[in-house]
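Engineer: Before we start, here is the structure in question, set down as structure tokens.
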Amino acid sequence: MKRFLSSKLFRAIWSIGLAVFLFYVCPPCFSKTTIAIVLGILVILVNGSGFISKFAGITHIARFLVGGLFIFSGFIKANDPLGFSYKLKEYFEVFKADSGLSVFESFAHIALPLAILLCVSEMALGFMLLAGYKAKLTLGLLFAQIAFFTFLTFYSACYNKVTTCGCFGDFLVLKPWTSFWKDVVLLILITLLISGKDNITELFSPLITTSLTLIAIILSFVFPIYAYRNLPPLDFRAYKIGDNIKENMKAGADYKPAEYESGFIYENLKTGEQKHFDMKNYPWQDTLNWKWVATDNILIHDAIHPPKIVDFSITSLDGHDIKDSVLNVKNYMFLLICWDINETDNDATLHAKINDLYKLASTDKIGMLALTQSDAKLIDNYKHGHQALYDFANADGVVLKTMVRSNPGLILIKDGTIIMNWHHNNFPTYSEVKQKYMK
């Protein structure tokens, strides 16, 4: 029995059987022809190990492509683990709503440690692959991880649930289908590596390889933890130091809005495939082959050079728009970001520092405004609990989480330009800010 389970025949049986199963359970949002091609390639790679192992060069090219991309992807996410945790939480909330399973709500509560672990695993596994450390274990873990991400991106793309995957953070924002195809390519490359695993050997002696792998794993933990406890070392957002919020709210000179086409979705009664038709060619008369499913709008092309910031607003507690009055202040001004007061750090020493900064800044006629998505009752409780004398205003929570990865976080602006920002773990004194940044 053991010999049969490790035989080529059994491998062919389970791989073809799994491919057939995936082909038939695949939702109609994906072309049956395309899924058949992808599954066919994977089946060939799984069963062609004897042939593939003869071409060591192909294995090594795939090895360095996969290893390098995993390290890069993990590094970019580790640079902003809090932002990545927001994306994971979004996925878990979607799964909870669609499946009704409470386990996803539990995952959402631990999104941050999960985000850090995923960053660590990507970077560590990428290095292990490049170094050739325990190739069989490394490839198994790589395959499991890319299968998980492929499912996430496919579900997101097929059901239009999460509009960006967060694969490369804010450095490179990919659409769901683009992200899915990126994962498919990686899935194919990793399957190829598994078939050619005999060509993957350690680059150094076992002792050196093990030592370097251990160092890589440690650094993979240190970097995202450091980025979380401070701020992202590399900032790719539209609110980074030196950016002007007013300018980022403007469209480019050659701006063109996104273009959509109205049409209909029809389902093929024979194949089950769903297809979009425009208003001119929809098969409303062909009731033997097609069934109307829904009316929809599809994107013809994305906006060209749109504004980097489209959702920034500040509203006073009595409902007035004060965005312009804040962004047009010619003097320096502090923005204290408390996106959710229920989750704002309550350390007494920290809030004493905030109060001291406000009092000293006020003597120099430097204003400070706290921004939050929380309601007036929570704001009132906060102000009484921390003896806060500074004013509050409301803003969108997603925008505030984007502006600074800290709750609370501090931003210094002047005439709409971001001069500096701070994590609450590095909260400055007013004298430090005045000496270094108020020129």
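The values are calculated or read from the model by the stated rules, or taken from the named source; none is laboratory data. All of these numbers come straight from a predicted model, not from anything done at the bench. So basically every Cβ, Gly included, is an ideal-geometry build from the backbone, and we count neighbours across all protein chains shown.
Engineer: Among the numbered criteria (1) modelled with pLDDT under 85; (2) closer than 30 Å to Gly272 by Cα, which one does Ile37 miss?
Structural biologist: Checking Ile37 against (1) modelled with pLDDT under 85; (2) closer than 30 Å to Gly272 by Cα, the one that fails is (1).
Engineer: For region 269-291, does any single residue satisfy the condition of being part of a loop (DSSP other than H, G, I, E, B), touching a His at 6+ places or on another chain (Cβ under 7 Å) and of a type outside the set (Asp, Glu)?
Structural biologist: No: region 269-291 contains no residue that is part of a loop (DSSP other than H, G, I, E, B), touching a His at 6+ places or on another chain (Cβ under 7 Å) and of a type outside the set (Asp, Glu).
Engineer: Sticking with this structure for a sec: Kindly indicate which of Ile76, Ile58 is touching a strand residue (DSSP E or B) at 6+ places or on another chain (Cβ under 7 Å), touching a residue at least 40 places away in the same chain (Cβ under 8 Å) and in the same structural domain as Ser195 (by TED's automatic domain parsing).
Structural biologist: Sole residue among the options that is touching a strand residue (DSSP E or B) at 6+ places or on another chain (Cβ under 7 Å), touching a residue at least 40 places away in the same chain (Cβ under 8 Å) and in the same structural domain as Ser195 (by TED's automatic domain parsing): Ile76.
Engineer: Is at least one residue of region 277-290 within 30 Å of Tyr255 (Cβ to Cβ), assigned by TED's automatic domain parsing to the domain that holds Asp391 and touching a Ser or Thr at 6+ places or on another chain (Cβ under 8 Å)?
Structural biologist: For region 277-290, residues within 30 Å of Tyr255 (Cβ to Cβ), assigned by TED's automatic domain parsing to the domain that holds Asp391 and touching a Ser or Thr at 6+ places or on another chain (Cβ under 8 Å): absent.
Engineer: Within region 327-367, work out how many residues are buried (at least 20 other Cβ atoms within 10 Å of the Cβ), of a type in the set (A, V, I, L, M) and touching a helix residue (DSSP H, G or I) at 6+ places or on another chain (Cβ under 6 Å).
Structural biologist: 4
Engineer: Mind checking which pairs have a first residue in region 140-158 that is crowded, with 18+ Cβ neighbours inside 10 Å and a second that is assigned to a helix (DSSP H, G or I) and aliphatic (A, V, I, L, M), Cβ under 6 Å, 6 or more apart or different chains?
Structural biologist: Final answer for the pair search is Leu142/Leu125; Leu142/Ile190; Ile146/Leu186; Ile146/Leu187; Ile146/Ile190; Thr150/Leu187.
Engineer: Could you please give the count of residues in region 83-101 that are farther than 23 Å from Leu186 by Cβ and either buried (at least 22 other Cβ atoms within 10 Å of the Cβ) or aromatic (Phe, Trp, Tyr) (or both)?
Structural biologist: Residues in region 83-101 being farther than 23 Å from Leu186 by Cβ and either buried (at least 22 other Cβ atoms within 10 Å of the Cβ) or aromatic (Phe, Trp, Tyr) (or both): 1 in total.
Engineer: Take Leu141 and tell me if it is closer than 17 Å to Leu69 by Cα and either assigned to a helix (DSSP H, G or I) or modelled with pLDDT under 90 (or both).
Structural biologist: Criteria met by Leu141.
Engineer: Report yes if Ala62 is of a type in the set (Gly, Ala, Ser) and touching a Ser or Thr at 6+ places or on another chain (Cβ under 8 Å), otherwise no.
Structural biologist: Taking the combined requirement at face value, the residue does not satisfy it.
Engineer: Here is a follow-up. Can you give me the number of residues within region 111-138 that are part of a helix (DSSP H, G or I) and charged (D, E, K, R)?
Structural biologist: Result for region 111-138: 2.
Engineer: Also: Give me a count of the residues in region 211-252 that are hydrophobic (A, V, I, L, M, F, W, C) and over 18 Å from Thr402 (Cα atoms).
Structural biologist: Residues meeting the conditions: 12.
Engineer: Just checking, how many residues over region 412-432 are among the β-branched types (Val, Ile, Thr), buried (at least 21 other Cβ atoms within 10 Å of the Cβ) and closer than 17 Å to Asn230 by Cα?
Structural biologist: 0
Engineer: Here is a follow-up. Scan the helices (runs of 4 or more DSSP H) fully inside region 342-439 and keep the ones with 2 or more residues being over 28 Å from the mean Cα position of the chain (by Cα) and of a type in the set (Phe, Trp, Tyr).
Structural biologist: 430-437
Engineer: Is there a residue in region 236-244 that is in a loop (DSSP other than H, G, I, E, B), charged (D, E, K, R) and closer than 30 Å to Arg11 by Cα?
Structural biologist: No, region 236-244 contains no residue that is in a loop (DSSP other than H, G, I, E, B), charged (D, E, K, R) and closer than 30 Å to Arg11 by Cα.
Engineer: Turning to a different aspect of this structure: Please verify whether Ile71 is surrounded by 15 or more Cβ atoms within 10 Å (Cβ to Cβ), touching a helix residue (DSSP H, G or I) at 6+ places or on another chain (Cβ under 7 Å) and either at pLDDT below 90 or over 26 Å from Leu193 (Cα atoms) (or both), treating the condition exactly as stated.
Structural biologist: No.
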